[in-house]
Structures are given as C-alpha cells and as structure tokens.
Amino acid sequence: MSQQPILYPEDRIPLGKLVPMAMQHVVAMFGATILAPRLMHFDPQVAIFFSGIGTLLFIVITGFKVPSYLGSSFAFIGPVLAVTGGKADLVPAALCGIAGAAALYAVAAVATMRYGAGWIDRLMPPVVTGTVVAIIGLNLAGASVKDALNATLTVACMQDVKNLVVATITFLSAAAVAVYFRGFLRLLPVLIGVIVGCSVAILMGVIDEGRVLAIAGAPLFGRPRFVTPCFSWEAILVIAPVFVVLVAENKGHIAAISGYMGRDLSPWLGRAYLGDAVATFISALGGGTPQTTYAENMGVMAITRVFAIANFIGAAAIAILFGVCPKFGALIQAIPGPVLGGVTLILYGLITLMGVKIWLDARVDFSDARNLVVAGASLILATGLGLTGVTVGSMNVSGIALGTVFALVLNLLVSIGREGPPTGPIAPIAPDGNV
C-alpha cells in the first residue's frame, strides 16, 4: 500500500479539511491538558485557554517552521504541590515559581540562539534525547490501560467487559483508518476512532451521565478565572529548576519531529525553547499551567504524516474557544475513558517508538556499555515510578521528571574520563528525508 504523502509546515489545507484535522489535535491533547491543572489545583478552563495562546506564540516565535502544540506540563506537578500543598490561596506563589522557570528557560533559549546548540548536544546527546522521549510514552502507558479498563486493572463485572469492548472497538477503528483507509479520511484516525468509540459507548451505556448533564448545564460563554502571581523566593527556588526537564523534552521532541518529517529542525531549537518559555511565562501571568510541546500531538503527526502549521493554528483557535466557552469544553470532557484508552494506546506507543527512532537515526551504539546503562537504567527507573512518582517529604516527583534528570546526570557521569560522546555518529537528515 502506498504511503501517505507528507504535508510540510508550509503546506496549506482547505478549510473544510482543516477543521476536523485541527479538532483531532484538540482531542489528542485535551485529556492531559486538563488533568495536569486538576492535579495542581489550577483552573482547567484557564489552562486550556493558555494552551491555545501559548501554541500561537510558539508558532510565531519559531517562524512558522516547527509544528507543535503546547499543553500543560506534568513535570511541574510535584514542585507546585510542594509550594501550595493543594491550597488555592497559595497558587499565586506557585505561579511566581513557574514564571521563574520560564525566565531560566528563556536564558537557555538565548544562549542556544547566540552560541548554537553544541552545548545542548553535549549535555543531551541522542542516547539521552531518545531515552527522554521513550520515557514519556512509557510513563503514559499506565494511564492508557487504566482508561481502557479501570483503575484497578481487574475484570470483575459486566461493566469492565463493556469498557474493554468499547476500548477495543475504538482502537481497531483508529488503527483501521490509519492503515487501510485512503484519501482524506486516512488523515483522521484519532477523530474517527473517537466518534466510533463514543457511538458504541452510548449504545452500551458506557458513558458518565453526570458529564452528559454537565454539557447541558455548562454556560455557552464564560470568561476564564484569571489569577495573577505574587512574588515568592521559596517558590522560585523549588519550582524554577524544573526548566531543565522542559529543555530535555523539547530537544527530544524536535529530534523526533525532524526524523518523522525528514527535515532537520535543529537550527530552530533555540527559537523553540524561546517560544515554549514565553508561552509558559504568559500562562503563569494569568493563572495557567506551565507549557511544553506535547508528545500526544507528535503521535498524531507521526501517524498522519501531516506537519502543516495550519493544523496547529486551527487547534489553538479551537482551544481558545473552549477556554471562553465551557459548553464545548464539557462536551470534550464527556468522552468516556475507554474511548480515550483505545486511541491513546496508539498515540503513546508511537511516542515510545519516536524515542527508538532517534536512537536509530543517530546510530546510537548499544554495544557501548555507557549507552546501555544510560538508556536502560533511566527507562526502568522512570517507568517503574510512572506518573505516580516518588514522594520525598512533602514533594512528589513524577517518573518523567526524575527519569529525565537521571538520564542527564548519568550520561555526564559515565562520560567522565572517556573520549568521544557516548553515541554513534549522527546521520544528518537530508532535505528529502534520506540519511
């Protein structure tokens, strides 16, 4: 079967096709983007609003060259809760810490733009960036399976069986669209999978009646409840260092997109950092969550081979609409867990394989014990902790954050006294995608 042709960032999409394709990206990012603010006790409506604003800022700052969607970062959950303790009146202090992280992130961006990405490459060679991307996919795996079945992962009643049926049909629908469909429909595997899954869920009674009622009760228009930060040195000291995780995530994402698109985006790495930093800073000024380029949307790009910037402008516009229209947001939140589990089974698997592809494209030598130790130990540590993470005193650190830092530090340690980077030669990406 012929492979779907690539749509590059500069390619245009007719409006009739753009709307469903943009909505597909919104569906992909929505669950995680509202889950993070809930865990941090932020307002999800504000987070959705600023994810749209942040994505537009990112697109402009990167010169319309880097296809990405920005959503809520999970790396900040532990440090934010360490500052707030879950109390709403301490959220302004946490926002100050998030703004501090954005400021440090911007410094890293300016340094990369001025002096090049060499220092980033030495700190985060392909063995590290590939590991970080794989860690994200593997850490999200538990959430996908639990959505598909239940929190206890047991089949104990008919409802559990129904959940599995809905998740399976959703997965098979999305997979069939991606593999067997032709033409425009082939570009909508996630959206079609969700539509089919929701239809089956309604027929089988696998739907939260409370969330359905919430759609009717939600107002059509509602201004987001913005919150302004207040200065706190303690919050800055606790939260600001997390910018290092964003640096690693973003570099991994840029490498993954470059590989799948067949176009080297590394010259835009500094601008990508700056776009992410500015988006996070603006979000913090209004009470939103810290921003990061979203791997879920990278998964959509990988499976559809559509990297057009227009997709993300459309998705950002829809997110802003959701931010000021709670009824639309309630509609997306009503999507049953098994449906999300079915589609994310594909998306999170693709994210994990993006990390593997970074290793392959860079020809990482896994006969070198350094690479085995860095990648293997980091993957096991992060996956073992998962999104639950580890709690030290009053601070919780997720597997993604700790695994990322662990990979960075371990790579530096095993490289001491050894000549050459702990990786094979990097195969440059030619304009036509060949290496």
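The values are calculated or read from the model by the stated rules, or taken from the named source; none is laboratory data. Source: prediction; values computed, not measured. Neighbour counts run over all protein chains shown; Cβ positions are idealised from the backbone, glycine included.
Miscellaneous remarks
- Test set (1) more than 19 Å from Y273 (Cβ to Cβ); (2) touching a residue at least 40 places away in the same chain (Cβ under 8 Å); (3) among the aliphatic types (A, V, I, L, M); (4) in contact with a helix residue (DSSP H, G or I) (Cβ under 7 Å, 6 or more places away or on another chain) - A88 fails condition number: (4)
- Region 181-224, residues that are more than 16 Å from Q333 (Cβ to Cβ), in contact (Cβ under 8 Å) with a residue 24 or more places away in the chain and over 27 Å from the mean Cα position of the chain (by Cα): V200, M204, G205, F221
- Test result for P14, farther than 23 Å from T404 by Cα and either surrounded by fewer than 18 Cβ atoms within 10 Å (Cβ to Cβ) or touching a residue at least 12 places away in the same chain (Cβ under 8 Å) (or both): yes
- If only residues of region 231-243 that are assigned to a helix (DSSP H, G or I) and small (G, A, S) are counted, the one that is surrounded by the most Cβ atoms within 10 Å (Cβ to Cβ) is A235.
- When A47, A94, A28 are checked against the criterion of being in contact with a strand residue (DSSP E or B) (Cβ under 7 Å, 6 or more places away or on another chain), farther than 17 Å from G275 by Cβ, modelled with pLDDT of 85 or more and buried (at least 24 other Cβ atoms within 10 Å of the Cβ), a single residue qualifies: A47.
- Residues that are part of a loop (DSSP other than H, G, I, E, B) and in contact (Cβ under 8 Å) with a residue 60 or more places away in the chain, drawn from region 132-157: L149
- Filtered residue count, region 1-49, keeping only those that are closer than 30 Å to S398 by Cβ and β-branched (V, I, T): 6
- When residues of region 198-230 are limited to those that are modelled with pLDDT of 90 or more and among the small types (G, A, S), the one surrounded by the most Cβ atoms within 10 Å (Cβ to Cβ): A201
- Of residues in region 177-191 being in a helix (DSSP H, G or I) and aliphatic (A, V, I, L, M), the one farthest from M23 (Cα to Cα): V179
- Selection of region 358-393 for residues being more than 20 Å from the chain's Cα centre (by Cα), of a type in the set (A, V, I, L, M) and either over 12 Å from I135 (Cβ atoms) or buried (at least 20 other Cβ atoms within 10 Å of the Cβ) (or both) yields L360, A362, V364, A369, L372, V373, V374, A375, V390, V392.
- Number of the condition not met by R263 [criteria: (1) modelled with pLDDT of 85 or more; (2) buried (at least 20 other Cβ atoms within 10 Å of the Cβ); (3) closer than 30 Å to A302 by Cα]: (2)
- Residue match in region 408-421 (condition: among the charged types (D, E, K, R), at pLDDT below 80 and over 14 Å from T131 (Cβ atoms)): yes
- Across region 34-72, the number of residues qualifying as assigned to a helix (DSSP H, G or I) and touching a residue at least 60 places away in the same chain (Cβ under 8 Å) comes to 22.
- Residue ranges of helices (runs of 4 or more DSSP H) in region 244-335 with at least 1 members out of contact with any Asp or Glu (no Cβ under 6 Å at 6 or more places or on another chain) and over 22 Å from R225 (Cα atoms): 269-286, 295-304, 309-324
- Filter pass, L172 being out of contact with any Asp or Glu (no Cβ under 6 Å at 6 or more places or on another chain) and modelled with pLDDT of 95 or more: yes
- Qualifying residue in region 158-176 (condition: of a type outside the set (V, I, T), surrounded by 20 or more Cβ atoms within 10 Å (Cβ to Cβ) and not in a helix (DSSP H, G or I)): no
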